[in-house]
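The values are calculated or read from the model by the stated rules, or taken from the named source; none is laboratory data. From a predicted model like this one, the values you see are computed outputs, not experimental measurements. Don't worry about glycine lacking a Cβ; one is built from the backbone with ideal geometry, like all the others, and counts go over all protein chains shown.
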Amino acid sequence: MKTNPKTFTKRKSYVPFHGPCDPCPPIGRKYYSTPPNLYVGFQPPNLPQFPPEEALKCGTLWPTFYDFYENPYKKGAGRGHG
Amino acid sequence: MWKYEKKLQYPVKVSTCNPTLAKYLMEQYGGADGELAAALRYLNQRYTIPEKVIGLLTDIGTEEFAHLEMIATMIYKLTKDATPQQLRDAGLSEHYASHDSALYYENAAGVPFTAAYIQAKGDPIADLYEDIAAEEKARATYQWLIDLSDDPDLNDSLRFLREREVVHSQRFREAVEILKEERDRKKIF
């Protein structure tokens, strides 16, 4: 991965413009996913693997590609990403 | 030739009686970026693509049918015991009028499936770029479904399916790299 591991996030956000004449209260932040497959390019050999049982549950054999998703608008859901 | 294993790719458990979720899930059943569209798109493209990536299209196209079966199971579980009144409250009265609680290939808004959702340009790069886009759109659809659903067990299965879209997108991106054949060029120059 060419990205800086210290600043790498799988979710980004932005604040849409909210004008004084908009009918609804502002949603605040809008979130979008930037999953790992956007950054890896061709998968390098010998990446670490999940144990088989865990891999079956996660949907991938490789932790590099694992990206748990939670509704970002749910109360208490991981704010502060991106 | 296919071999069928009489089990789901990942367990499907639905813990709350909420037929409205069935209506939303139909987006992944018969929608433009749904599992049926994905399976038919990839399996059809296999015939006119370089040999190196045919196997990938077969594998992923086949897996999409396994996903379709999971979505069908979710919809079935959410509607099989629903009364006409419950289906009406869930916004499924138009569906009921035509289909009872039978499954049908249509999207969340009731628009029937059409082959026009699928492209086959015959250009390997154009087709694989469409496949990557299709995976990202399906991933996004799963996110919106998880956002709409508050059933933890259903969301668990939806998260598995979303993760598979991430992996499929990765593999299609690698297929593009294979066809570009620039991977090891740096070593030569």
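Please enumerate the residues belonging to the range B:78-94 that are among the polar types (S, T, N, Q) and surrounded by 21 or more Cβ atoms within 10 Å (Cβ to Cβ). Of everything in the range B:78-94, just one residue is among the polar types (S, T, N, Q) and surrounded by 21 or more Cβ atoms within 10 Å (Cβ to Cβ), namely B:Thr79.
Within the range B:116-133, is even one residue closer than 27 Å to B:Pro19 by Cα, more than 14 Å from chain A (Cβ to nearest Cβ) and either within 15 Å of the chain's Cα centre (by Cα) or of a type in the set (Asp, Glu) (or both)? Yes, that holds for at least one residue. Scanning the range B:1-17 for residues that are crowded, with 18+ Cβ neighbours inside 10 Å and either within 17 Å of B:Asp147 (Cα to Cα) or of a type in the set (Asp, Glu) (or both) yields one hit, B:Val14. For the range A:20-42, a residue qualifies if it is farther than 26 Å from A:Lys75 by Cβ and in a loop (DSSP other than H, G, I, E, B), and the qualifying residues are A:Pro20, A:Cys21, A:Pro36, A:Gly41, A:Phe42.
The helices (runs of 4 or more DSSP H) found wholly in the range B:63-170 and carrying at least 1 residues that are among the β-branched types (Val, Ile, Thr) and at pLDDT 95 or above occupy B:124-148. The single condition from (1) surrounded by fewer than 16 Cβ atoms within 10 Å (Cβ to Cβ); (2) touching a helix residue (DSSP H, G or I) at 6+ places or on another chain (Cβ under 8 Å) that B:Leu25 fails is (1). Which number in (1) surrounded by fewer than 14 Cβ atoms within 10 Å (Cβ to Cβ); (2) more than 20 Å from B:Glu135 (Cα to Cα); (3) out of contact with any helix residue (DSSP H, G or I) (no Cβ under 7 Å at 6 or more places or on another chain); (4) touching a residue at least 24 places away in the same chain (Cβ under 8 Å) marks the one condition that A:Lys12 misses? Only one criterion in (1) surrounded by fewer than 14 Cβ atoms within 10 Å (Cβ to Cβ); (2) more than 20 Å from B:Glu135 (Cα to Cα); (3) out of contact with any helix residue (DSSP H, G or I) (no Cβ under 7 Å at 6 or more places or on another chain); (4) touching a residue at least 24 places away in the same chain (Cβ under 8 Å) is unmet by A:Lys12, namely (2). Mind checking whether some residue in the range A:13-29 is farther than 17 Å from B:Arg139 by Cα and facing another protein chain (nearest Cβ under 10 Å)? No, because not a single residue in the range A:13-29 is farther than 17 Å from B:Arg139 by Cα and facing another protein chain (nearest Cβ under 10 Å). Looking at the range B:61-77, can you tell me whether even one residue there is in contact with a Pro (Cβ under 6 Å, 6 or more places away or on another chain) and either surrounded by 15 or more Cβ atoms within 10 Å (Cβ to Cβ) or free of Cβ contacts under 8 Å to residues at least 12 places away in the same chain (or both)? Scanning the range B:61-77 turns up no residue that is in contact with a Pro (Cβ under 6 Å, 6 or more places away or on another chain) and either surrounded by 15 or more Cβ atoms within 10 Å (Cβ to Cβ) or free of Cβ contacts under 8 Å to residues at least 12 places away in the same chain (or both). If the condition is being hydrophobic (A, V, I, L, M, F, W, C) and either part of a helix (DSSP H, G or I) or under 19 Å from B:Ile60 (Cβ atoms) (or both), then the range B:8-35 contributes B:Leu8, B:Leu21, B:Ala22, B:Leu25, B:Met26, B:Ala32.
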